[in-house]
1. Just to be sure, is Gly57 modelled with pLDDT under 90, under 12 Å from the mean Cα position of the chain (by Cα) and surrounded by 15 or more Cβ atoms within 10 Å (Cβ to Cβ)?
2. With Leu16, Leu3, Leu8 as the choices, which residue is open to solvent by less than 60 Å² (accessible area, probe 1.4 Å), touching a residue at least 12 places away in the same chain (Cβ under 8 Å) and closer than 14 Å to Leu91 by Cα?
3. Count, please, the residues in region 87-96 that happen to be open to solvent by 50 Å² or more (accessible area, probe 1.4 Å), assigned to a helix (DSSP H, G or I) and at pLDDT below 90.
4. How many residues does region 18-42 contain that are at pLDDT 85 or above and in contact with a strand residue (DSSP E or B) (Cβ under 7 Å, 6 or more places away or on another chain)?
5. May I ask you to say which residue of Ser41, Ser84 is crowded, with 19+ Cβ neighbours inside 10 Å and of a type in the set (Gly, Ala, Ser)?
6. Restricting the search to region 25-35, which residues are more than 10 Å from the chain's Cα centre (by Cα) and not in a helix (DSSP H, G or I)?
7. Just for region 28-38: of the residues that are within 15 Å of Thr1 (Cα to Cα) and of a type in the set (S, T, N, Q), which one is most open to solvent (accessible area, probe 1.4 Å)?
Amino acid sequence: TELLQKQLGVVSDGELWGQAPEWKARLWGVTSVTSWDSKGSPAIAALEQRLGVAADGIAGPVTIAALQTKLGVEPDTWWGSVTSRAFQKVLNEKTLVPRW
């Protein structure tokens with residue numbers, strides 16, 4: 001999460017917060033969500049802007065599908081281990097910002 005925050009230029013605290021409780025099951029591959037209050041996360045909002053979807057800061061099915069499509073994985077709208085591995089690879093290679 002900290003890599004994501006740094007690469008997107010948002011506050012880097014290593015946590016994703018403000019996610020919608022109703023999407024908790026879809027985000028099972030994201031282990032750093034610290035609050036489920038639907039307020040949104042600056043990191044997710046910045047990612048959504050890059051993905052070209054509504055930037056509300058909440059990683060719902062539309063955001064997840066857009067991310068999966070960008071990563072080249074099956075867009076099933078569930079952020080699980082396949083999506084996490086593909087996303088981590090992009091973050092580790094530091095290609096998120098230049099490529100997207």
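1. No; evaluated as a whole, the condition is false for this residue.
2. Working: Leu16 fails: closer than 14 Å to Leu91 by Cα; Leu3 fails: open to solvent by less than 60 Å² (accessible area, probe 1.4 Å).
Step by step, each of Leu16, Leu3, Leu8 is checked, and only Leu8 is open to solvent by less than 60 Å² (accessible area, probe 1.4 Å), touching a residue at least 12 places away in the same chain (Cβ under 8 Å) and closer than 14 Å to Leu91 by Cα.
3. Final tally of qualifying residues: 0.
4. So the answer is 3.
5. Numbers: Ser84 fails: crowded, with 19+ Cβ neighbours inside 10 Å.
Result of the check over Ser41, Ser84: Ser41.
6. Listed by number, the residues that qualify are Trp28, Gly29, Thr31, Ser32, Val33, Thr34, Ser35.
7. The first filter runs over region 28-38 and keeps only residues within 15 Å of Thr1 (Cα to Cα), leaving 28-35.
Checking the rest, the ones that are also of a type in the set (S, T, N, Q) come to 31-32, 34-35.
On the way: Thr31: 130, Ser32: 25, Thr34: 76, Ser35: 31 Å².
Top of the filtered list is Thr31.
Residue-wise test of (1) without any contact (Cβ under 8 Å) to a residue 24 or more places away in the chain; (2) over 18 Å from Trp100 (Cα atoms); (3) hydrophobic (A, V, I, L, M, F, W, C); (4) assigned to a helix (DSSP H, G or I).
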site	(1), (2), (3), (4)
Trp23	no, yes, yes, yes
Asp37	yes, yes, no, no
Gln49	yes, no, no, yes
Ala59	no, no, yes, no
Ala66	yes, no, yes, yes
Val73	yes, no, yes, no
Thr83	no, no, no, yes
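The values are calculated or read from the model by the stated rules, or taken from the named source; none is laboratory data. All values derive from a computational prediction rather than experimental measurement. Don't worry about glycine lacking a Cβ; one is built from the backbone with ideal geometry, like all the others, and counts go over all protein chains shown. Surface accessibility is based on the protein's heavy atoms, side chains included, excluding ligands, DNA and RNA. Shrake-Rupley method; radii C 1.70, N 1.55, O 1.52, S 1.80 Å.
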